[in-house]
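Here's the structure, in structure tokens; my notes come after.
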Amino acid sequence: MSKSKARVSGFVIISLITFSSFAAFDLEAASALTLKLRDLVVNYFDWLLIITSGLILVFLVALLFHPKAGQILGRRGEVAEFSRWSWFAMLFSAGMGPGLLYWGAAEPILHLANNPLLVFGGIEAGSEQATVPAIVVTVFHFGLHGWSMYALAALAIAYSAYRHNQPLSFSTALTPLLGQTRINGRTGSLIDCIALYGTVFGVATSVGLSVSIMNAAVEPLTGLSFDLYNQIIIVILVCLLGIISAISGVNRGIRRISELNIWLSLMLLLTFLAVGPVAEIIVNLLSTLIAYFLAVLPMGFWIGSSADEQSWQASWTVFYWGWWFAWTPFVALFVARISRGRTIREFIIGVLLVPTLVIILWMSVFGGTAIHQELNESGLISSPVNLDYSLGLIASIHALNLGEMKTILFMVVTFLLFTWLITSLDSATLVICNILDVSQSTLMKIIWGFVLGTVSCTLMLVGGIEALQAASVIIGLPMALMMLMIIASMIRLILAKDT
């Protein structure tokens, strides 16, 4: 590890330990500080997060039609390291796996009662006509905009790394704009420092949200009570397994777990299709597909004007964009690592379109089923969701009345969450070690795996979901500014004659 990398690593570790120690000493003060910083970002910079996400998507769509989109991320004629199936499995598992189980039933139920599309369309909240708008808004938060953030940063890193022999680090994405001297100096250290914070807090948010639904899924199987301290125990266990998987490497650990996750997720989805309201799901799926692609750009640049619209947007869209931005260094570096040998066009289509289509299917099945259950019996799903968002999918499984098969579904959900979280943690650990140029160090993988678990537990203790959301929004602001710089960096790369 170079001296500059060592300084970045030491500073970030010390600051995170200081934050965790401060939180342990005074939870209320730590919670108040976190929420105050979040409010400052939301009140003054929500527009920046929204506009930046829209610009990124427009830029990547335009890049698809550029003549250089046929260039390979690597040497001429180089073959991709992983098959398309393995590639899709790994980028999807690292990119958004646990969030789909957490929000798949809960978010559409919440949007059924309130979302801007209902107001603009004059649709009665809680009615059958509100089903598709509720699913569309959910897909909007998980679809093209979020994946475009990953795609932009990963493409900039991969292009510089595989075509210009630059190191596989987040600061590499800005080399064409800032120059090699700055990237090798303090500016590069600052960029990697922000990337580390984004990785840690983005993953911590995902872990914190996911362990609650894991606890809810385990409760009917084991009797383990649904409470914060059991969730802390789950985080510790997942953290240990994540470290073990990270030590085993991408080819052996992450690839195999990711492929297994895809098959189990497909089984869960097909089960819901088989026993759920199939006709309604298919209608909702087709309607959502059309409505989403028609509305995605206008929704992406919409900024609420009234107090109610601003409040809704701050709670949902701004949180999501902050979360996606925070996750970007982690996922982008991992996606760049597994994408050598792909063409730029294939890369953009694969990272943007394929996950989005899967998300539309997923939300239509799980969200559509939950809404159908709620419309048939008011409060059946919304009451548990209002108590805790993590209970949405669990309540929906209970409502299917599957008898003993229900236990199997709980086991599948539990296993998926465990493996998805392990994949996220080991991917994040490997990415951090790549940023710091210590990817071969087993000790550093252990240290950073421990740091990720510690910060996740700290945020859960400080304020639960509110603190987790706040952390993502706070770190999302500097990340959004860096993403604007990455757009400029990519434009310079594309215009350069020797690329």
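The values are calculated or read from the model by the stated rules, or taken from the named source; none is laboratory data. This is a predicted model, so every value here is computed, not measured. With ideal geometry, Cβ positions are generated from the backbone for all residues, glycine too; neighbour counts draw on all protein chains shown.
Some observations on this one:
- Taking region 165-228 as the region of interest, the helices (runs of 4 or more DSSP H) fully inside it that hold 1 or more residues being at pLDDT below 85 and acidic (D, E) are 186-222.
- Breaking point among (1) free of Cβ contacts under 8 Å to residues at least 12 places away in the same chain; (2) more than 17 Å from V335 (Cβ to Cβ); (3) not hydrophobic (A, V, I, L, M, F, W, C), for G185: (1)
- Among the candidates S489, S472, residue that is in a helix (DSSP H, G or I) and out of contact with any Gly (no Cβ under 9 Å at 6 or more places or on another chain): S489
- Entirely in region 374-464, the helices (runs of 4 or more DSSP H) that have 2 or more residues that are under 18 Å from the mean Cα position of the chain (by Cα), buried (at least 24 other Cβ atoms within 10 Å of the Cβ) and of a type in the set (G, A, S): 405-435
- Test: residue in region 299-321 that is among the charged types (D, E, K, R) and crowded, with 24+ Cβ neighbours inside 10 Å: no
- Tally of residues being surrounded by fewer than 18 Cβ atoms within 10 Å (Cβ to Cβ), modelled with pLDDT of 70 or more and among the hydroxyl-bearing types (S, T, Y) across region 229-258: 1
- E81 vs. criteria among the acidic types (D, E) and free of Cβ contacts under 8 Å to residues at least 12 places away in the same chain: no
- Residues within region 340-355 that are polar (S, T, N, Q) and at pLDDT below 90, tallied: 0
- Of all residues in region 287-344, those being assigned to a helix (DSSP H, G or I), over 22 Å from K36 (Cα atoms) and not aromatic (F, W, Y) number 22.
- Of all residues in region 329-362, those that are within 26 Å of T271 (Cβ to Cβ) and among the polar types (S, T, N, Q) total 1.
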